[in-house]
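K.L.:
Sharing a structure here in structure tokens format.
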Amino acid sequence: MRREKLRKQHSVTGCITVFIRTNPFNPQEPQYQPSASLKLDAATQGSRAIIATANRLLKEIYKAGYGYHKCGVQLSHIQPELFDFADNSLPTEPPINESYRPNQPALSEGYFSRGNRF
């Protein structure tokens, strides 16, 4: 997950963008290619904040009835974190089980590439 890369680089993200799109090479299907971005009030590397924001943005742009082909989440406005939490003196976010998948379609390219629809 990108959060791990942010942590390794001691960086935080200030903006999250979500996109979904139908297959542009299948003209017989209706086309829809929206995206949505949100500049965060406070830059973060926290999984919960990133995932919650990405889910909220996806709900804003999602429309039922389309055969989605691809989706993604882009983190931008990357900047160095101002404080080093490596000393563990401040509370940190517990690790997330990366294999956990809720009972909702995942935000992953693999889900759509198998021909699944919402």
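The values are calculated or read from the model by the stated rules, or taken from the named source; none is laboratory data. Computed from a prediction, not measured in an experiment: that's the story for all the values here. No Cβ is skipped: glycine too gets one built from the backbone with ideal geometry, and neighbour counts run over all protein chains shown.
K.L.:
When you go through (1) surrounded by fewer than 14 Cβ atoms within 10 Å (Cβ to Cβ); (2) in contact with a helix residue (DSSP H, G or I) (Cβ under 8 Å, 6 or more places away or on another chain); (3) at pLDDT 95 or above one by one for Ile96, which number turns out not to apply?
P.N.:
It is condition (3) that Ile96 fails.
K.L.:
Sticking with this one: Looking at region 25-69 only, could you name the residues that are out of contact with any strand residue (DSSP E or B) (no Cβ under 8 Å at 6 or more places or on another chain), part of a helix (DSSP H, G or I) and aliphatic (A, V, I, L, M)?
P.N.:
Ile51, Ala52
K.L.:
Hey, another quick one. Can you find, within region 1-34, the residue that is modelled with the lowest pLDDT among those that are within 17 Å of Ala54 (Cα to Cα) and among the polar types (S, T, N, Q)? Break it down into steps so the answer makes sense when it comes.
P.N.:
So in region 1-34, the residues within 17 Å of Ala54 (Cα to Cα) come out as 1-4, 6, 12-21, 33-34.
With the extra rule that they be among the polar types (S, T, N, Q), the set shrinks to 13, 17, 33.
Values: Thr13: 93, Thr17: 97, Gln33: 96.
So the residue we want is Thr13.
K.L.:
Just need a number here: residues in region 52-91 that are more than 26 Å from Asn23 (Cβ to Cβ) and either polar (S, T, N, Q) or modelled with pLDDT of 90 or more (or both).
P.N.:
Going through region 52-91 one residue at a time, the tally reaches 8.
K.L.:
A further question follows. Within region 37-63, track down each residue that is in contact (Cβ under 8 Å) with a residue 12 or more places away in the chain and farther than 24 Å from Glu4 by Cβ.
P.N.:
Correct list: Glu60, Ile61, Tyr62, Lys63.
K.L.:
Just to verify a result, which residue in region 9-60, among those that are loosely packed, with under 12 Cβ neighbours inside 10 Å and basic (Lys, Arg), is farthest from Leu75 (Cα to Cα)?
P.N.:
The residue in question is Lys59.
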